[in-house]
Every structure is written in structure tokens, then in C-alpha cells.
1. Of I304, I42, I386, which has the most accessible area with a 1.4 Å probe, and how do the rest follow in descending order?
2. Going by alpha carbons, how many degrees (0 to 90, nearest 10) lie between the helix axis of 368-408 and the longest principal axis of the chain?
3. For the stretch 222-286 and the stretch 379-416, what is the centre-to-centre distance using only Cα atoms, to the nearest Å?
4. Accessible area per residue, 1.4 Å probe, Å², for the stretch 297-360: what's the number?
5. Label S317 and R16 with points 7 Å out from Cα along Cα→Cβ: what is the distance between them in nm?
6. What length, rounded to one decimal in nm, is gained on full extension from R214 through to A369, with 0.36 nm per residue of separation minus their alpha-carbon distance?
7. Under 5 Å between amide H atoms, partner at least 5 residues away or on a different chain: which partners does N218 have, H built in plane at 1.01 Å?
8. Once the Cβ-Cβ distance between D68 and A408 is put in as r, and R0 is 25 Å, what FRET efficiency do you end up with, to the nearest 0.05?
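The values are calculated or read from the model by the stated rules, or taken from the named source; none is laboratory data. This is a predicted model, so every value here is computed, not measured. Ideal geometry is used to build each Cβ from the backbone, glycine not excepted, and the neighbour counts take in all protein chains shown. The area values use the complete protein model at the heavy-atom level, side chains included, leaving out ligands, DNA and RNA. Shrake-Rupley method; radii C 1.70, N 1.55, O 1.52, S 1.80 Å.
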Amino acid sequence: MKAPTGPRSGSRWIERWDPEDEQFWQESGRRTARRNLLLSVISEHIGFSVWTLWSVLVLFMGPEYGVDAAGKFFLIATATLVGAVIRVPYTFAVARFGGRNWTVFSAALLLVPTVAAYLVMEPGTSYGTLLLVAALTGVGGGNFASSMTNINAFFPLREKGWALGLNAGGGNIGVPVIQLVGLLVIGTAGAGHPRVLLGVYIPLIVLAAALAARHMDNLAPVRNDTGAAREALRDRHTWIMAFLYVGTFGSFIGYSFAFGLVLQTQFGRTPLQAASLTFLGPLLGSLIRPVGGRLADRHGGARITLWNFVAMAAATSVVVVASVLESLPVFLVGFTALFVLTGLGNGSTYKMIPGIFQRRALAEGLTGAQAAAHGRRLSGAAMGLIGAVGALGGLGINLAFRQSFRTAGTGTAAFVVFLGCYALCSAVTWAVYLRRADGLPGPAATAATKPQLGYADV
């Protein structure tokens, strides 16, 4: 796809965009931003479905495929890895090619892994071929990074928590939706017909690309800034937030990939039984993500994030007990609570990112539109990096499950590791963003006053 080399103009290019200008926002900005948000959600939704495709396809893979539980975990881990890594270039693609243009291209690209899976999904296919096709589905994970970067540019800071939460939540719903479609296929056609599932998604991909081409816009003022990328890479808050996002989104996507396989392997559920239980957690986690963003808008992202990690640790403790006792009802209660909390945490952590860089701009002496532009510049560059590292948490979860089941036959050891990670995330959130005596100076700090970070309100 060739990048534009001349002036950015045309019917789908917007030359002036200033969402912080209230008059502009009320007259035309809000309507345009919300239209692009809706279409972005549709494309990202399909992208998430394709990325998590193998979490459903492994339920169709009976003994005749010759792949054991560890091999299946590695298939879904491969898809997770590629989806995480590809988020970095997808982040910068929006500014290079335009948000609309890249959405059209990236949506159409989803045909490649979907058609490939349609062709190879049958007994007798080599494991190497299945692994390659699973890797191709990683392009669906990249859609999240480009979509979030694009929508971040459309909305004013005061509405970013809601907008980013809705965009991500609508995309995340692609996970339970494909699991529900898989359940429908298994319940009607049987576990021997995975191609029916794939046949459903091919026309939906074409529709998503067509809608983006017809109704979305490119923002001409949004351009890649290598200086911003380098500055974001050097900023410790980029990496701190990436670590916290590992705990929230990494958990969500890792559990979404692994849940059905854990039910089959540890609790002996049939494909139909596993599929009937798998979708609920991801669905609730997706629906509640905008709530996490809205709570962060009102009460501060750091506060919501801290208490969310504490609750995640408590839910994980329930899962550990249920795993030891082999109690499926208690396990489902704890795991469903985990999904809900990952969704809340996804919304609150992503709200923190633009707020953190906005406060840094104020701390450096910038004000008004200058500070807002600087904050958007750095937060846009940081989001892709944070999203990529966060998604790697899903890889870690699936590898931990793979190792736990290979050595002990259960997922208990993996859950104990996750419990420790949530405790560490809680400590980091408190130490960096809520312990006001520490950190960087806020905008009101002077030589005569003690520096205060004030990030509890981001």
C-alpha cells in the first residue's frame, strides 16, 4: 500500500481538526468523530474475531487431528504473539496512510487468514501448516492498535476515556461473538464442520471494508512523528503503563484464547459443553470496558486501576481454590469475575495514557492548545507500544498454561503465577500514580514547593 506523497486532500481527507475547540466540536466535530468511531468499532470487532479464531477452531480439533493439549495451546499462543508484535507498525500506519485508508486495507487483509483456515482446516493437515495459518490470524490483533490510535485523534481529552473504552469494548466483543457463532455451529452442524464458521466471517470481512471505504475519514493533521516515538520510548511511563496493560488486557486476551481449552483439558468438557461456557466471560469483559473508561473519567484512572487489580487478585485466589478442589461451579464464578475485572481495568488503564502525557506537558510549562497537542502527540505514539506489550501478556498466559498442563496436568500453578503478577501490578500502580510524595512535578510545582505528581486524577 503506497503512502500519500503529495498534499493530503480529497473528499475523504479532513484538513482542519481541533476537537478541543468547543465551538468546532459542537458544530461538526462530534458528529464526524462518532461516525468514525462506529465504523472503527465494526472493523475492529471483526479483527478481534479473526485474531481469536483459533480459540474456537481448537474446539473442533478432535483426536483425528493428532494434536494434544500442549500443541493446541501453542497454536493459540502463536496467534497471540503475532497479533502483539504487529501492533507496533499498525500504530504508525494511521498517520502514514490515513485512518480511513488503513482501516479499509487492514479490514480487507483479514480475508487472508480466514480463507487460509478455510482451506486447511481438516484432519491430516500437518501441524506446521496449522501453525502457519494460526500465525496469519495475528493481523486481526493489529487492527486494535491502528483503531485506537485513530480514534484517539478524533476525540477531545475530556471524552477520551468514554470513546477509547467504547472503541476497544466494541472490538473486544468480537471475541465472545465468534465463540457464540462457534457454539451455534457445533450445536447444529457438529464439531466436524469448522468451515461453516469460517464461511460466516468471509462476507462480514468484505462488508466491514466496504463500510469503512464509504463512510470513514482521514485526518490530514495526523502525521507520524518519529521524535514523538523516540520520546515515548524513553519515557518511563510508557513502560510502566505497558506493564499495567499486561495485567489487564494481557489477561483478557490470554484468558479468552485459553478458557475453552482449559475447560476441555482440566474439567473434561466436550467441545459443545466448553463452547457453551466460553463466551460469557469475554462478553461481560467486553461490555464493561466502556464503564471502566467512564469511571476513570469521573474518579481518576489510577484509583480505579488500583482497586481493580486488588479485586483481580481476590478473584484469582478463588480460581486457585476451585482448581485445587476441582470444583467447576466455583471455577466458573471466579473466572467470570476475572473477565469482568479485566474489562474494567482495560478501560481505566487506557484512559490513564492521554491524561499522563497531558500532565507531563503541563509540567513542562505548556498551556492550553499547546499542551493538548503535545499530549496527543506523545500519547498517540505511546498507545501502540503499550498495546503491543500488553498483548504479549496473552502470550505469557497461554505459555504458562501450556507448561502447567504439561508438567502437572492442571492449570493451578499458572493461576498462582497470575496471582503474584496482579499483586505486583497493584503495588506499582500505588507507588507510581497514587503515592503523591513521589514522581514527577505537576504543573503547579515551583522551586519553593515540594514536587507533586497528581496522577491520581488521570
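1. The ordering from most to least exposed comes out as I42, I304, I386.
2. Approximately 20 degrees, to the nearest ten.
3. Cα centres, the stretch 222-286 to the stretch 379-416: 8 Å.
4. 34
5. 5.8
6. Going from the current span to full extension adds 52.6 nm.
7. Excluding prolines and chain starts, which carry no amide H, the hits are W13, I14, R100.
8. Plugging the Cβ-Cβ distance into 1/(1 + (r/R0)^6) gives 0.95.
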